[in-house]
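**Student:** Please find one structure pasted underneath; my questions will follow.
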Amino acid sequence: MLGVLVGVGAFTFGYGRGWSYLSHDPAGCINCHVMQDHYDSWMASSHRRMAVCNDCHLPHDFVGKWAVKGENGFFHSLAFTLQNFKEPIQIKPRNRKVTQAACLHCHADVVQDMTAGDPHAEAPSCVHCHTDVGHAFRRRTEIQRPDSLPWE
């Protein structure tokens, strides 16, 4: 029974190109077709040359990074295998917090004054105002894919 479980796990990992999720390469995210628009919009964004998916969507500490990566990997695999997700996919509240923390981490010198009066104050959501920084054309791709993207 253990051999069957290991065999099925190894086959699934190989078939789903699981090794690509362990890398820092954004192309690994487009193994799933539902990520193509997000990848395309990131390629057109101002962050393309500064940050990859892991920089914004994972914590910056070693344990947090691998814990969130493992949790997301499991739930993404489950949702895609069971076809139990909405299109276009939406970020979950817990992952939105991770992304907010990444914004604050990288832009600490800019945002420190936003909570200077109260160290426990929560900074306003960065993506509330900066909707297209990490994913250019984000709102447009949620409605329809643009005919051409700037790098084409």
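**Student:** Round to the nearest 0.05 the FRET efficiency obtained for Lys97 and Phe13 when R0 = 35 Å and r is the Cβ-Cβ distance.
**Tutor:** On the way: r = 28 Å, r/R0 = 0.81.
FRET efficiency, Lys97 to Phe13: 0.80.
**Student:** R0 = 22 Å: FRET efficiency of His60 with Asn31, Cβ-based, nearest 0.05? Let's see the in-between values first.
**Tutor:** Details: r = 24 Å, r/R0 = 1.08.
Step by step, r from the Cβ atoms, then E = 0.40.
**Student:** Okay, next question. What order do you get for Lys97, Lys69 when you list them from fewest to most C-beta neighbours inside 10 Å? Walk me through the numbers before you get to the answer.
**Tutor:** On the way: Lys97 13, Lys69 16.
Final ranking by Cβ density, sparse to dense: Lys97, Lys69.
**Student:** Could you line up Trp66, Trp42 from fewest to most neighbouring Cβ atoms inside 10 Å? Each step should come with its number before you reach the end.
**Tutor:** Working: Trp66 13, Trp42 21.
Least to most surrounded, the residues fall as Trp66, Trp42.
**Student:** Which of His33, Leu82, Met114 sits closest to the plus end of the dipole of region 29-121, meaning its Cα is farthest towards the positive end, when Lys and Arg get +1 and Asp and Glu get -1 on the C-beta?
**Tutor:** In region 29-121, that residue is Leu82.
**Student:** A follow-up question, please. Distance in nm between label sites at Arg48 and Ser20, each 7 Å beyond Cα in the beta-carbon direction?
**Tutor:** For the pair Arg48/Ser20, the computed spacing is 1.9 nm.
**Student:** Give a residue-ordered list of calculated ³J(HN,Hα) values for region 96-111 (Karplus: 6.51 cos²θ - 1.76 cosθ + 1.60, θ = phi - 60°; whole Hz; x for Gly, Pro).
**Tutor:** With coefficients 6.51, -1.76 and 1.60, one gets 5, 5, 5, 5, 4, 4, 5, 4, 5, 5, 6, 10, 4, 5, 8, 9 Hz.
**Student:** Also, quick follow-up: Once the Cβ-Cβ distance between Met1 and Ser77 is put in as r, and R0 is 22 Å, what FRET efficiency do you end up with, to the nearest 0.05?
**Tutor:** Details: r = 21 Å, r/R0 = 0.97.
Once the sixth-power term is evaluated, E becomes 0.55.
The numbers here are math on the coordinates, done by the rules we state, and not lab data. Values in this document were obtained by computation on a predicted structure and should not be read as measured data. Using ideal geometry, Cβ is built from the backbone for each residue, glycine included, and neighbour counts are taken over all protein chains shown.
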